[in-house]
Amino acid sequence: MRKSTNDNLKNKYLLAGLSIFCVLLIVVSFLDSSATAPVKQVSGFIITPVQKGINGFGSWLSGLTDNFEDAETLRTENKELKEKVDTLTAENSQLIQDREELLRLRELYDLDEQYDDYEKVGARIIAKESGNWFQLFTIDKGSNDGIQKDMNVISGGGLVGIVTEVGPNWATVRSIIDDNSNVSAMVSTTSDQCIIAGDLRLIDEGSLNLVKLTDADNKVHVGDKVVTSYISEKFLPGILIGYISELNNDANNLTKSGYITPVVDFRHLQEVLVILELKEYVPSASE
């Protein structure tokens, strides 16, 4: 009972003390500035650093939030830019491919105009033998498109080869660089006859064999144009093959041999023209 009375007294004293302190503060607030200056100095000394610290922490926290937002914005923009770069790269690559294809098709068109006496069909190469060169390859057109065995194939300004096998929607072509290829040819300026023989070892140097050239009057020179001969059994006459790059006398002193540079790029063939006409060959009486 006594303890409860003492506690009540303590509470009363504490309340009274706080009331007196509040009254004093009110009184001090009505005094002039000189009287309140010490209080202000003490409060400024204690409160101002705390406020600065709180303000600084708030600024740091606000800046950190802004940095997070900026980083997220940058990541989003970077992702969008990467997507745009990928799209533009793909579009540019496609444009380059389209341009290269257009140039090739223009070459085929010019070649078509050059040999406009013949009906032709365009075809794409869809397969070839292993290796760097197109010595034996398959095209995507066949008998359904009028293609037959022994039809001539051209591209890149001149003779590519001849059709050796035909299916309904495909055909096999043996090019003139193949080791088994021999083309009856002639020099366009003199009509002197020769043979162009395929040799895969030579094509690595950009050349084909020229053999059995009859040039009794020595009128054939390096740089002369070589075309298919009118006496050829399977090749139509006048199709450009290449240009003489080297010429030498044979040991018999009756014929000459050398090399030609073909006009067709046999490393990068993609499209060809097939001439839809067979050579009409009339064998001689001795055959």
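The values are calculated or read from the model by the stated rules, or taken from the named source; none is laboratory data. These figures come from a predicted structure and were not determined experimentally. Reconstructed Cβ throughout: ideal geometry from the backbone, glycine too, with neighbour counts over all protein chains shown. Side chains included, ligands, DNA and RNA excluded: accessible areas come from the protein's heavy atoms. Shrake-Rupley method; radii C 1.70, N 1.55, O 1.52, S 1.80 Å.
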Just need log10 I(q)/I(0) for the range 218-287 at q = 0.15, 0.22, 0.26 Å⁻¹, Debye formula, equal scatterers on the alpha-carbon atoms, no solvent, rounded to two decimals.
-0.73, -1.09, -1.16
Formal net charge of residues neighbouring R174 (Cβ-Cβ distance under 15 Å; K, R +1; D, E -1)
-4
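Heavy atoms only, probe 1.4 Å: what % of the accessible area of the range 130-287 goes to carbon and sulfur, would you let me know? Intermediate values should be presented prior to the final figure.
Values: 3400 of 7470 Å².
The C+S portion of the solvent-accessible surface of the range 130-287 is 46 percent.
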Accessible-area order for T189, T228, T87, largest to smallest, probe 1.4 angstrom, reads T189, T87, T228
Taking every pair of distinct Cα atoms and averaging 1/r, then inverting, what Kirkwood hydrodynamic radius in Å comes out for the range 138-225?
14.5
Please report Rg (one decimal) and Dmax (integer) in Å for the Cα set of the range 125-276.
15.5, 50
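Quick one: accessible area per residue over the range 175-287, 1.4 Å probe, rounded to a whole number of Å²? Could you put the intermediate results ahead of the total?
On the way: 5780 Å² over 113 residues.
For the range 175-287, the solvent-accessible area averages 51 Å² per residue.
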Write down the accessible area per residue of the range 116-168 in Å², having rolled a 1.4 Å probe over the full set of protein chains.
45
Under 5 Å between amide H atoms, partner at least 5 residues away or on a different chain: which partners does D199 have, H built in plane at 1.01 Å?
N209
Give the accessible area for K128 in Å² (nearest 10); use a 1.4 Å probe, count only protein heavy atoms, and leave out ligands, DNA and RNA.
80
Length gained when the stretch D70-A127 is fully extended (0.36 nm per residue, less Cα-Cα span):
15.1 nm
